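Read the structure below first, then the notes.
The values are calculated or read from the model by the stated rules, or taken from the named source; none is laboratory data. These figures come from a predicted structure and were not determined experimentally. Neighbour counts run over all protein chains shown; Cβ positions are idealised from the backbone, glycine included.
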Amino acid sequence: MVTLCCPSISGRHPTDMNHTKGGLVIFTANSHPSSRELGKRIAERLGVELGKVQVYQEANRETRVQIQESVRGKDVFVIQTVSKDVNTTIMEMLIMVYACRTSCARSITGVLPYFPYSKQCKMRKRGSIVSKLIASMMCKAGLTHLITMDLHQKEIQGFFNIPVDNLRASPFLLQYIQEEIPDYRNAVIVAKSPASAKRAQSFAERLRLGIAVIHGEAQDAESDQVDGRHSPPTVKTTGAIHPSMEIPLLIPKEKPPITVVGDVGGRIAIIVDDIIDDVDSFVAAAETLKERGAYKIFVMATHGILSCDAPRFIEESAIDEVVVTNTIPHELQKLQCPKIKTVDISMILSEAIRRIHNGESMSYLFRNIGVDD
C-alpha cells in the first residue's frame with residue numbers, strides 16, 4: 001500500500017467535527033474482513049470508532065444485518081467496497097441502509113467508492129440500463145446522499161434523485177507518477193482506445209507530457225456493440241413504397257489494423273483508464289507499445305477489479321507496473337502479482353464525510369476539476 005502525503009485538502013484538521021448537529025456514525029456494510037480495511041482507515045482519519053454492526057449470511061444465503069447501537073437522530077455513513085460477490089455486496093448495503101432508515105437515522109449517506117454495474121449504463125440491444133435500477137433501489141432503501149469515485153460514465157449521477165458527489169482519484173495518481181517514477185519527464189500518456197483519449201489528455205496536460213492513442217483491434221469490446229434490436233428488415237412490396245421513403249442503413253463498422261497515433265519510441269508509456277478488470281486489452285496495448293519502442297510500461301486506473309486470471313496475465317505480460325487505488329480490495333491479487341501497487345484514497349473520502357457532516361461546501365474537493373477529468 002502506497003500512502004501518499006497529499007497537500008492539505010482543507011485548512012482544518014480532518015478530525016475537526018461539528019458535534020452540535022448530532023452524532024456521527026460510520027458503518028462498514030461488508031461481511032468480508034478484507035473489505036472492511038478502507039472503512040477502518042477512514043474512521044481512523046476522522047478520529048472516530050466504527051459503528052457496531054453484524055453483517056452475515058445465514059445458511060440459506062440470505063443476508064442479515066443487525067445494528068448494535070442507536071442511530072436515532074444521527075448522521076449515518078455506510079461504507080461499502082465491492083467484493084468478488086457483487087450481488088451480495090449490493091444486498092448488504094441495501095439492507096443496512098434500510099435498517100438505519102427504520103431506526104430513525106437523521107441522514108444516511110452511502111460511501112460507495114466503486115459503483116457496481118456502472119458499465120451497464122447504456123441500452124444494449126434488448127438489455128436494460130442496470131445502473132438506473134441499482135440507483136433506484138438505493139434511493140428506495142432510504143439513501144439520502146451518495147459519495148462515489150470516478151463513475152464509469154458521469155451521466156450515472158442523473159440516475160439518482162438524491163445528491164451524488166463523484167470524487168476524483170486523479171490527484172493521487174498524478175502524485176504517484178511524480179513521486180514514484182523518477183524519469184516521468186520522459187514519459188508519454190497513452191489511451192488504449194479512442195474512448196479513453198479525454199482522460200489521457202487530462203493527465204498529459206497536468207503533467208506537461210505528450211499523448212498517444214492506440215487505435216484498432218485493441219479497442220474496448222464495449223465500443224463495438226451496436227444499439228439495435230435486430231428487428232426484421234422492412235418488407236418491400238413492388239411499387240408500394242416510394243424510393244424517398246426507404247430508410248437508409250448504417251454501413252457496418254470495420255476495425256482498422258492496430259496503430260499507435262503518437263511517438264512512444266524510447267519513452268515510458270503510461271496507460272490510463274478508470275477500470276482494470278479483464279486485462280486482455282491492456283496486455284495487447286503493452287505488447288504494441290513495446291514493439292513501437294517504449295522501454296517501460298505502466299498502467300494506472302482508479303478501480304482495480306482484476307477478475308479471474310488477471311494477476312497471472314499481468315505478471316506474464318510486458319507491463320512493468322499496475323497502479324490502482326483501494327476503492328476495491330485486491331490484497332489476494334497483489335500476492336499473486338507483485339507488479340500491482342496500491343494508492344490509498346481514504347484521505348479524500350474522510351474529508352468528504354467530514355464536510356457533509358459539518359454542512360460545509362464540497363466545492364473545494366472539485367477545485368480545478370474539468371468535464372474531462
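Taking every residue in region 43-67 that is over 30 Å from R355 (Cα atoms) and pairing it with any residue that is in a helix (DSSP H, G or I), at least 6 positions away or on another chain, the pairs with Cβ-Cβ distances below 6 Å are T63/M91; T63/E92; T63/I95.
Just to be sure I understand, how many residues within region 185-196 are more than 18 Å from G370 (Cα to Cα) and surrounded by fewer than 18 Cβ atoms within 10 Å (Cβ to Cβ)? Number satisfying all stated conditions: 3. Here A197 fulfils each of the conditions (1) among the aliphatic types (A, V, I, L, M); (2) assigned to a loop (DSSP other than H, G, I, E, B); (3) modelled with pLDDT of 80 or more apart from (2).
Filter region 127-154 for residues that are assigned to a loop (DSSP other than H, G, I, E, B) and over 16 Å from the mean Cα position of the chain (by Cα) and give the result. Listed by number, the residues that qualify are G127, S128, I129, G142, L143, T144. The set of residues in region 86-126 being part of a helix (DSSP H, G or I) and aromatic (F, W, Y) consists of Y98 alone. Can we say Q153 is closer than 17 Å to V272 by Cβ, touching a helix residue (DSSP H, G or I) at 6+ places or on another chain (Cβ under 9 Å) and modelled with pLDDT under 95? For Q153, the condition - closer than 17 Å to V272 by Cβ, touching a helix residue (DSSP H, G or I) at 6+ places or on another chain (Cβ under 9 Å) and modelled with pLDDT under 95 - is met. Take M123 and tell me if it is at pLDDT below 95 and not charged (D, E, K, R). So M123 fits the description; yes.
Tell me, please, whether a residue that is of a type outside the set (G, A, S) and touching a residue at least 24 places away in the same chain (Cβ under 8 Å) can be found in region 240-249. Please lay out each step first, then the result.
Start the filter on region 240-249 by keeping residues that are of a type outside the set (G, A, S), which leaves 241-243, 245-249.
From what is left, the residues that are touching a residue at least 24 places away in the same chain (Cβ under 8 Å) are none.
No, because not a single residue in region 240-249 is of a type outside the set (G, A, S) and touching a residue at least 24 places away in the same chain (Cβ under 8 Å).
Residues that are touching a residue at least 24 places away in the same chain (Cβ under 8 Å) and among the hydrophobic types (A, V, I, L, M, F, W, C) within region 183-204 comprise A187, V188, I189, V190, A191, A195, A200, F203, listed in sequence order. All conditions but one from (1) touching a strand residue (DSSP E or B) at 6+ places or on another chain (Cβ under 9 Å); (2) within 21 Å of A269 (Cα to Cα) apply to I353; the one that does not is (2).
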